[in-house]
Amino acid sequence: MSETVVNQVRRGFYLDSVALMRLSRQIAGMDGVAEAALMMGTSANKQIMEDAGLLAEGGQAAQGGDLVIGIRAATQAAADAALSAALEDLDRPTSPGAAAAAWRPRTIRAALKSAPDSNLALISVPGDFAAAEARKALRAGLHVMMFSDNVSIEDEVALKREARELGRLLMGPDCGTAIIGGVPLAFANVVPRGDIGLIGASGTGTQEISCLVAQGGKGISHAIGVGGRDLKAEVGGIMTLMALDAFDADPGTRHVVLVSKPPSPAIAAKVLDRMASSKKAFTACFIGAGNIELPANVTLATTLKAGAAQALGGAAGPDFDPRAHAEPPPKGRRQVRGLFAGGTLCAEAQVVFQAAGQAVVSNAPVPGARPYTADSGDTGDHWMLDLGDDQYTRGKPHPMIDPSVRDAALAEALEAPGVGLVLLDLVIGYGAHADPAGYLAAFLDQHRAAKGPPIVASVTGTEADPQTRSAQVAILEAAGVRVAPSNADAAALALACLGLGSKGP
Amino acid sequence: MEKIAQANTEALRRMLAGDPVLIDVIPAAEAMPALADRMILHAGPPIGWDRMCGPMRGAVTGIACFEGWAPDLDAAAQLAADGGFAFHPNHHFDAVGPMTGMTTRGQPVMVVENRAFGNRAYCTVNEGLGKVMRFGGNDAEVLDRLRWLRDDFGPAMGAALREMGGIPLKNIVARGLTMGDEMHQRNLACSALILRQLAPALARTSGDRAALARALAFIGGNDQFFLNVAMAMGKAIMDPVRGIEGSSVVTAMSRNGTEFGIRVSGTGDTWFTAPVEMPEGLYFPGYSEADANPDMGDSTIVETIGLGGFAMGAAPAVAGFVGAGAASEAANFTHTMAEITLGENPEWTIPALDYLGVPTGIDIRLVVETGLAPTINTGIAHKEPGIGQVGAGVVRAPLACFNKALVAFAESLGVS
């Protein structure tokens with residue numbers, strides 16, 4: 001097979017050898033091209049081109065300062081095509097380099113070097129590695145928020161002890177919400193600054209109270225997350241106590257709300273003692289707690305709405321009469337299915353239902369509720385499910401990020417014969433889905449039957465959130481969902497629809 | 001933890017305090033009295049004839065003929081297979097050598113003295129580009145050049161250096177960094193700068209215009225002339241850092257075409273080895289990955305002192321070899337190497353990165369923790385002996401070396 005060798009020389013044309021090599025590879029890869037090279041015409045380079053069968057008369061005459069293009073191809077046509085491609089490339093004005101991906105640091109150490117004024121690290125690596133990273137952050141002088149879960153309780157205890165030693169916060173593990181100095185961290189809402197401090201375990205409890213405070217015209221000084229296990233005996237409330245110390249010393253905080261599941265009596269005593277030694281006012285918002293002995297400066301709230309109201313020193317949110325908004329369920333059906341993205345919101349709904357004498361089952365039962373599992377069978381009791389629980393999120397994101405986690409349960413609830421009402425929460429703000437109401441409206445459009453159960457919901461959020469609360473509410477109402485001003489009000493509205501309960505919590 | 005921190009501080013201090021000066025060129029037998037007849041020093045950690053790659057075997061047979069230990073290449077190969085030569089790493093004799101790294105008693109070696117600590121390091125003179133022994137070339141042209149280096153150029157350069165009292169090297173490197181060099185794949189500026197300094201002394205000490213012209217042309221025509229100087233400088237800087245108890249700083253990185261080896265200050269002279277990786281790069285016309293020899297050479301001593309791949313931010317042109325192509329990628333490599341090093345060199349700074357000092361002091365703990373292995377800029381040899389360079393590219397040090405080193409380091413401190 002006879003090949004064609006084509007040479008072209010550009011006199012006095014210099015290009016860096018690396019650029020030339022890259023261009024050579026490109027041209028050599030073209031159809032019908034056996035080999036190609038663009039090299040400066042030094043004798044060494046001409047020898048290389050000759051050895052590769054690329055040098056013809058034109059190239060041989062080139063000098064060191066000339067650019068030689070040598071192409072060997074199967075046909076003249078292929079050689080010419082390659083040559084014009086090469087010339088085109090040489091003549092193309094260089095584009096300002098496609099901006100190389102800006103360098104991102106790979107370690108806390110390098111990140112701190114590039115941003116030396118940082119004072120907090122937010123850690124969300126997989127659980128296996130989270131403790132090591134938290135330790136590095138603490139020792140590098142940073143406060144830590146651990147969004148990661150699946151961290152052992154032993155690691156949690158060791159880290160919190162070290163943090164306490166160093167005088168730094170370790171918020172978590174499994175801490176989804178914090179607002180420090182007005183800055184929302186992880187899942188959090190945009191709320192005004194004010195003189196109410198919040199301490200919360202993992203998330204939606206803190207979010208709901210902070211939003212109700214905003215709705216009531218006041219603001220949050222800081223919301224400190226302590227993680228879901230801080231008040232367990234093994235951990236002993238280390239971060240809760242540190243948070244109480246911090247708020248006690250903070251001139252910007254007047255009233256502090258602590259929200260959590262009811263702790264054991266020993267831990268409760270420790271926490272209440274610390275509150276008692278302060279001159280400030282406190283609300284212990286223990287969801288579903290029974291009677292507890294309290295110091296004089298501490299009040300008890302068993303729902304988030306009550307907690308917010310106490311902090312506000314008045315009502316939390318607009319006057320809402322559930323009976324005025326109630327819609328009856330389809331005839332003969334009376335089971336409520338509560339499908340929640342927020343764990344504490346699910347707990348609050350259970351408390352409201354139990355206060356009205358209604359039995360509930362749940363995969364995250366409050367005291368008095370019965371446990372629910374997939375094979376516990378449908379006894380007709382109301383369901384209150386926390387869909388953010390591990391069993392629903394294996395390999396999937398949290399339902400607050402990805403509403404589709406709720407899809408299967410919701411579709412089933414809309415069709416199951418005994419279901420009289422569906423109760424939902426929507427949580428907006430940073431970290432949450434960009435448009436939970438839009439997603440839900442579209443889903444209902446697809447799956448809702450003509451004579452299906454009424455849908456009752458609340459939107460945990462504020463006007464200042466990226467999703468804008470009023471806009472989300474409008475979308476829901478247009479889709480035929482009944483929206484209540486708070487999660488507790490939504491639970492009361494659900495009861496009212498069934499002709500149960502009194503005026504509201 | 002305290003002990004390691006203190007040891008590493010001392011290691012970094014010694015690195016930065018080094019004062020390397022190129023003082024002479026002398027026969028290897030004079031520089032290294034222990035380098036006996038039939039001893040062949042090679043690049044990389046210890047290796048025997050049967051495991052040597054093609055280019056290294058080609059170089060061994062070539063140097064054996066050069067030294068007159070065998071009548072021809074085939075006889076040399078037979079002699080090598082029969083155990084007729086003693087093979088040792090350059091590093092064991094205070095020396096370094098690029099690619100195949102052949103060092104034998106008859107060759108001239110450059111001498112760099114670290115005036116801060118009094119130690120010396122040696123490296124042969126860079127032969128030039130193309131068909132050379134460091135890429136396994138061993139024909140008459142290669143051997144003739146080695147003879148010329150031994151009989152003419154070496155003595156001439158030595159005389160010039162002695163006459164001028166030596167050439168301090170740190171400042172040349174500092175200026176080279178501002179001119180686009182990284183001292184491994186790019187030595188053009190430093191080669192030019194050192195020629196400026198040598199030329200007058202060569203002229204003063206030369207009795208023969210033709211010989212002078214040949215010497216000047218030899219240096220002037222070799223873009224990589226400074227590589228071997230930089231390597232000897234690297235060895236001279238790192239040797240005083242060896243043997244600091246509790247220090248996790250890497251004191252040497254080296255390859256023999258089959259294995260990659262590292263040494264760590266706190267574990268003394270132990271080599272931690274793993275199979276070398278294949279370089280990824282660009283090839284000269286007519287060649288491709290299929291022709292490439294695995295990674296080879298003592299030149300990674302240059303990365304060990306913060307240059308080469310670590311200083312890529314100073315040499316955007318080299319970034320083309322990285323695959324992504326944009327010159328702006330070069331800075332990212334320097335930033336990434338900063339994740340695995342203890343500090344910066346305040347005397348060797350990169351203007352385009354706001355005068356960031358080159359990342360200095362590779363810590364094996366940081367390498368293992370981040371999984372980021374040192375990035376090395378390297379030439380690529382043809383895998384068959386005698387052909388020469390076929391390209392240039394980037395290769396990573398194998399993480400396995402650092403994992404092994406870390407285990408041994410921990411054991412040395414009584415941590416299981």
Taking the range B:259-281 and the residues there that are modelled with pLDDT under 95 and buried (at least 20 other Cβ atoms within 10 Å of the Cβ), the one that is farthest from the other protein chains (Cβ to nearest Cβ) would be B:Val276
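Among the candidates B:Asn377, B:Asn332, which residue alone is of a type in the set (S, T, N, Q), closer than 30 Å to B:Met52 by Cα and within 12 Å of chain A (Cβ to nearest Cβ)?
One residue alone meets the criteria, B:Asn377.
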Quick one: in the range B:283-301, which of the residues that are crowded, with 23+ Cβ neighbours inside 10 Å and either modelled with pLDDT of 90 or more or aliphatic (A, V, I, L, M) (or both) is nearest to the chain's Cα centre (by Cα)? B:Ser299
(1) without any contact (Cβ under 8 Å) to a residue 24 or more places away in the chain; (2) open to solvent by 50 Å² or more (accessible area, probe 1.4 Å); (3) closer than 30 Å to B:Thr370 by Cβ; (4) more than 10 Å from chain B (Cβ to nearest Cβ) all hold for A:Ala115 apart from (2)
Helices (runs of 4 or more DSSP H) completely within the range A:94-203 that count 2 or more residues being at pLDDT below 95: A:108-114, A:127-139
Residue satisfying condition, being over 28 Å from the mean Cα position of the chain (by Cα), buried (at least 20 other Cβ atoms within 10 Å of the Cβ) and over 21 Å from A:Ala178 (Cα atoms), within set A:Ala268, A:Ala289, A:Ala276: A:Ala268
Look at the range B:105-142 and say how many of its residues are more than 21 Å from B:Glu30 (Cα to Cα), of a type in the set (A, V, I, L, M) and either open to solvent by less than 70 Å² (accessible area, probe 1.4 Å) or free of Cβ contacts under 8 Å to residues at least 24 places away in the same chain (or both). 5
With respect to B:Asp223, determine if the residue is closer than 26 Å to B:His42 by Cα, assigned to a loop (DSSP other than H, G, I, E, B), open to solvent by 20 Å² or more (accessible area, probe 1.4 Å) and out of contact with any strand residue (DSSP E or B) (no Cβ under 9 Å at 6 or more places or on another chain). yes
Considering (1) in contact (Cβ under 8 Å) with a residue 24 or more places away in the chain; (2) within 12 Å of chain A (Cβ to nearest Cβ); (3) among the polar types (S, T, N, Q), say which one B:Thr349 fails and leave the rest. (2)
Could you please find all residues in the range B:81-128 being over 15 Å from the mean Cα position of the chain (by Cα), of a type in the set (A, V, I, L, M) and under 16 Å from B:Ile47 (Cα atoms)? B:Ala81, B:Ala86
Before we move on, is A:Arg72 basic (Lys, Arg) and either away from chain B (no Cβ under 14 Å) or open to solvent by less than 40 Å² (accessible area, probe 1.4 Å) (or both)? no
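Identify all residues within the range A:211-229 that are within 13 Å of A:Asn487 (Cβ to Cβ) and surrounded by 24 or more Cβ atoms within 10 Å (Cβ to Cβ); write none if there are none.
Within the range A:211-229, A:Cys211, A:Leu212 qualify.
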In the range A:57-69, anything in a loop (DSSP other than H, G, I, E, B) and within 14 Å of chain B (Cβ to nearest Cβ) is listed as A:Gly64
With A:Ala464, A:Ala442, A:Ala450 as the choices, which residue is part of a loop (DSSP other than H, G, I, E, B), small (Gly, Ala, Ser) and more than 22 Å from the chain's Cα centre (by Cα)? A:Ala450
Inside the range A:408-434, the number of residues satisfying the requirement of being charged (D, E, K, R) and buried (at least 17 other Cβ atoms within 10 Å of the Cβ) is 1
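The values are calculated or read from the model by the stated rules, or taken from the named source; none is laboratory data. Being a predicted model, the structure only gives us computed values, none of them experimental. Neighbour counts run over all protein chains shown; Cβ positions are idealised from the backbone, glycine included. Each accessible area value is taken on the protein alone, full model and side chains, heavy atoms only, with ligands, DNA and RNA left out. Shrake-Rupley method; radii C 1.70, N 1.55, O 1.52, S 1.80 Å.
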